[in-house]
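Visitor: Sharing a structure, written as structure tokens. Questions coming.
The values are calculated or read from the model by the stated rules, or taken from the named source; none is laboratory data. If you're wondering where the values come from, they're calculated on a predicted model, not measured in any experiment. All Cβ positions, even for glycine, are placed from backbone atoms using ideal geometry, and neighbour counts span all protein chains on display. Just so you know, the surface numbers come from the protein's heavy atoms only, side chains and all, with ligands and any DNA or RNA stripped out. Shrake-Rupley method; radii C 1.70, N 1.55, O 1.52, S 1.80 Å.
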Amino acid sequence: MADDSTDLFGALFGPASGSMKPGDASPTVAVPVLVPMPAPGPYSYGVPEDMVVEPGSIVQVPLGPRQVIGVVWDKSDGPPVDSKKLRPITKTFDCPPLREEMRRFIDWVASYTLSPPGLVAKMALRAPAAFDPEPMVEGLRLTEARPERLTPARERVIELAGEGHGWTRSGLAHAAGVSTSVVEGLAKQGVFETIFLPAPPVVAEPDPEYAPSRLEGPQKQAASEILEDVRKGGFAVSLIDGVTGSGKTEVYFEAVAETLRQGKQVLILLPEIALTAAFLDRFEDRFGSRPAEWHSDISPRMRERVWRQAVTGEVRVVAGARSALFLPFDNLGLIIVDEEHDPAYKQEDRVFYNARDMAVVRARIGDFPIVLVSATPSVESQVNGNSGRYNTIHLHTRFGDAAMPDLHLVDMRRHPPERGGFLSPVLLRGIAKTIAKGEQALLFLNRRGYAPLTLCRVCGHRFQCPQCSSWLVEHRFRSQLQCHQCGHSEPTPDHCPECGTFDHLAACGPGVERIAEEVEKHFPEARTIVLSSDLMGVKRLRLELEAIVKGEADIVIGTQLVAKGHNFPLMTLVGIVDADLGLANGDPRAAERTFQLLSQVTGRAGRTGRKSHGLLQTYQPQHPVMQAIVSGDAEAFYEREIIEREKALLPPFGRLASIIVSADSRAEAETHARALRASAPQAPGIMLLGPAEAPLALIRGRHRFRLLVHGKRNSDMQSFLRAMITNGPKERGSIHVQTDIDPQSFL
């Protein structure tokens with residue numbers, strides 16, 4: 001694979017050595033430069049006489065006919081290169097170099113995930129406009145002149161400006177409590193002179209002493225254990241395993257505060273930062289300012305500023321999604337991974353990695369502590385805690401002794417819903433009692449849209465995506481049928497395209513929109529909110545969440561985004577519409593994920609001490625997952641799950657890797673996959689399964705075959721895969737091979 005990539009890259013962009021062209025200045029030294037593209041390694045470039053670079057310097061280099069960004073990399077043990085034959089670096093950016101531990105981290109991730117190091121480096125260089133310093137901003141400074149008429153407002157401005165600082169116009173006006181026109185008027189009279197100031201920080205510096213948390217006994221003990229690691233320094237992994245509402249956030253805030261006192265930076269990873277405004281508010285309440293945000297919803301300009309101020313050390317705390325792990329911090333001293341079990345930490349595009357696991361690696365390379373946090377830790381983290389690799393800190397009770405909700409199973413065989421409905425009479429009675437008391441009910445169904453399948457009752461035609469092997473989901477609020485794999489959508493038809501019959505299209509199964517319709521029928525006077533990522537943008541979602549917190553809704557109907565750490569003070573009933581949904585697939589983590597998701601959702605109830613309930617509608621009340629949830633016996637569930645994993649040599653007792661071969665035609669994909677299997681080396685302790693069609697055999701018009709590699713825990717999976725891909729057929733035409741080490745999805 002590496003040889004093929006080198007040949008392809010060289011053909012497109014020129015020789016890997018960046019050979020001289022007429023008119024290039026003669027360089028004196030050769031250095032390796034890693035470009036943020038699918039390059040298999042650094043390319044050699046010359047350094048002009050008047051230029052100084054070091055490993056980590058961010059530079060601009062010629063690549064074929066273009067100029068691209070690159071990073072001067074560490075020298076390898078390869079043969080020396082004649083610098084006089086190389087094309088020179090054309091520019092160095094006025095930016096701190098990537099630190100050695102960041103470069104080692106990039107190399108490690110590339111080697112572990114079998115990804116081109118250039119693509120991993122690209123994740124660390126996500127803001128090219130930030131490589132040069134931010135431009136100075138125009139400001140004002142007080143002169144000796146004074147206005148002809150001195151009003152109280154002008155007096156306040158002059159008094160404040162007399163402290164000798166430079167001010168921006170808006171900043172001075174805001175601090176003095178006046179309009180900008182007052183400041184402008186003084187500037188016109190010569191009271192202020194124009195100066196230029198450094199760009200302001202994206203957020204104010206957090207103050208570790210602003211509002212220290214008042215922790216109770218268990219929280220105090222947990223905080224002291226983590227603080228010991230922070231003060232001692234060096235690599236250490238702590239796992240905070242605490243029930244929902246136990247004060248986990250306040251505990252790790254103490255570790256954040258201590259790290260700030262030491263003058264170091266902190267990274268807090270959250271599964272979906274764009275939806276967690278409540279977390280940002282809690283951080284501000286504790287530290288007096290918000291952390292810098294890093295996620296897909298921030299503007300490009302803000303992204304550039306956060307990147308620049310992280311690398312210069314001006315930003316002290318970043319709260320972000322998984323990609324924040326690749327920010328090149330100046331002096332990172334602590335990583336927090338909140339909701340460490342969440343599948344959202346797994347990236348499945350270009351570079352396949354699990355941010356939780358890579359965060360542990362980054363902490364080890366940087367030699368500083370990391371804290372993993374969850375009410376329902378992953379089985380992998382549980383095993384690491386049991387073995388002593390992680391220091392597990394248990395918080396078994398809620399903060400303030402608030403009670404956990406009383407959980408009950410609703411056997412849908414004994415208490416079925418009325419014809420055409422999906423809510424049992426037991427759950428409907430629970431909702432009625434809850435809203436009658438002025439409290440809130442949450443109905444959870446992890447299925448977007450109105451119905452997952454639409455078919456014709458006359459001929460049986462099913463509406464399927466033309467580009468994917470998946471059914472089209474009806475979204476009745478938008479009058480569309482949509483594919484949740486590729487995004488294809490089409491208007492909801494009024495007749496069957498197969499037989500032409502009108503008014504015989506049936507929606508099969510429920511989504512949250514259909515549950516909302518049923519709720520409206522039973523509770524027409526209730527204020528209902530539907531929370532689903534496809535119904536609104538991030539800003540609208542945040543407004544809806546704020547409305548729920550303020551009590552402006554009676555019934556909330558939502559998908560899994562309602563499970564992510566929200567605190568709804570009036571929420572006293574949680575109803576799980578289909579508790580069996582996550583168990584109905586062949587994913588080896590199905591039981592674990594169902595347990596985690598349902599535990600997190602039911603944990604939304606009663607967080608402020610009110611008596612609360614959870615009702616789980618199920619057709620499998622005797623299933624071990626259901627029994628573990630209602631009994632509150634998480635230890636028994638994990639013990640059983642760990643035993644089953646160990647028997648089957650599944651992670652963390654064994655290793656898995658997935659290879660997906662895709663192509664424009666089914667025959668091409670299958671032929672290439674079979675040839676790959678034939679090229680696999682013999683390796684003790686490693687078993688190769690497949691190829692077979694992937695469960696989603698067609699996505700975006702591409703046919704997919706999968707090979708699954710299963711090995712013992714100590715097997716060298718990467719060497720096996722490298723040998724198989726290197727010895728196998730090369731990617732040609734439409735054929736593409738994706739390698740996923742430690743896969744989380746088996747579709």
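Visitor: Calculate the spin-label point distance for ARG700 paired with SER323, positioning each point 7 Å from the Cα along the beta-carbon direction, and give it in nanometres.
Guide: 1.5 nm
Visitor: Given R₀ = 35 Å, what would the calculated FRET efficiency be for ALA692 paired with HIS504, taking r from the Cβ atoms and rounding to 0.05?
Guide: 0.45
Visitor: Of the beta bridges DSSP finds with both residues in the chain, what % are antiparallel, to the nearest 5?
Guide: 55 percent
Visitor: With charges set only on the Cβ (+1 for Lys and Arg, -1 for Asp and Glu), what does the dipole of the chain come to about its Cα centre, in debye to the nearest 20?
Guide: With Lys and Arg at +1 and Asp and Glu at -1, about 820 debye.
Visitor: Additional query: Name the residues of the stretch 682-711 whose amide N is less than 16 Å from a point 7 angstrom out from the Cα of SER719 along the C-beta direction?
Guide: Residues 682-687, 711 fall inside that zone.
Visitor: Taking the Cα centre of the chain as the origin and placing charges on Cβ (Lys, Arg +1; Asp, Glu -1), which of LEU428, PRO493, ILE336 is farthest toward the positive end of the dipole?
Guide: PRO493
Visitor: Pull the list of the chain cysteines that no other Cys approaches to under 4.7 Å, Cβ to Cβ.
Guide: Result for the chain is CYS95, CYS486, CYS508, no neighbouring Cys Cβ within the cutoff.
Visitor: Note down the magnitude of the dipole of the stretch 378-417 about its Cα centre, charges +1 on Lys and Arg C-beta and -1 on Asp and Glu C-beta and zero elsewhere, to the nearest 20 debye.
Guide: Dipole of the stretch 378-417, to the nearest 20 debye: 100 debye.
Visitor: Just the number, please: carbon plus sulfur as a percent of the accessible area of the chain, 1.4 Å probe, no ligands or DNA/RNA counted.
Guide: Using a 1.4 Å probe with all protein chains present, the chain comes out at 50 percent carbon and sulfur.
Visitor: Here is a follow-up. Could you list, in their original order, any pairs among LYS75/LYS264; LYS346/LYS564; LYS248/LYS550; LYS91/LYS264 whose Cα atoms are separated by more than 25 Å?
Guide: Flagged as over cut-off: LYS75/LYS264; LYS91/LYS264.
Visitor: Given a Förster distance of 22 angstrom, what is the FRET efficiency for ALA175 paired with ARG261, based on the Cβ-Cβ distance and rounded to 0.05?
Guide: The computed FRET efficiency comes out at 0.20.
Visitor: Return the distance in nm (one decimal) between the two label points of a simple spin-label model at HIS165 and ASP94, each offset 7 Å from Cα along Cα→Cβ.
Guide: Using points 7 Å along Cα→Cβ, the separation is 2.5 nm.
Visitor: Also: Determine the calculated [θ] at 222 nm for the chain from helices alone, applying -39500 (n - 2.57) to every DSSP H run no shorter than 4 residues and normalising by the residue count; nearest 500 deg cm²/dmol.
Guide: -9500 deg cm²/dmol
Visitor: Give me the number: length gained by fully extending PHE653 to ARG156, i.e. 0.36 nm times residue separation minus the C-alpha to C-alpha distance, one decimal in nm.
Guide: Full extension of this stretch gives 172.1 nm more.
Visitor: Also, I was wondering about something else. Probe of 1.4 angstrom, ligands and nucleic acids ignored: what's the accessible area per residue over the chain, in square angstrom?
Guide: Computed with neighbouring chains in place, this is 44 Å² per residue.
Visitor: Over the chain, what relative contact order in percent results from Cα pairs under 8 Å that are six or more residues apart?
Guide: 11 percent
Visitor: How much FRET efficiency would the formula 1/(1 + (r/R0)^6) give for ASP406 and GLU209, where r is the Cβ-Cβ distance and R0 is 41 Å, rounded to 0.05?
Guide: 0.50
Visitor: According to a simple spin-label model (label point 7 Å from Cα along Cα-to-Cβ), what is the distance in nm between GLN189 and GLU520?
Guide: For GLU520 paired with GLN189, the spin-label model returns 6.1 nm.
Visitor: Right, next: Distance from a point 7 Å along Cα→Cβ of GLN467 to each backbone N in the stretch 685-704: keep the residues under 18 Å and list them by number.
Guide: Of the residues in the stretch 685-704, 696-704 have backbone N under 18 Å from the label point off GLN467.
Visitor: Further, regarding this structure: Go ahead and collect, in residue order, the members of the stretch 367-383 whose backbone nitrogen is under 17 Å from a label point 7 Å along the Cα-Cβ direction of GLU635.
Guide: What the label zone holds, given the 17 Å backbone N cut-off, is 376-377, 382-383.
Visitor: Now for a separate question. Expressed in nm to one decimal, what extension gain is obtained for the pair GLU54 and ARG457 from 0.36 nm per residue of sequence separation less their Cα-Cα distance?
Guide: 138.1 nm
Visitor: Tell me the net charge near TYR390. Cut-off is 14 Å between Cβ atoms, TYR390 excluded, with +1 for each Lys or Arg and -1 for each Asp or Glu.
Guide: Neighbourhood net charge equals -3.
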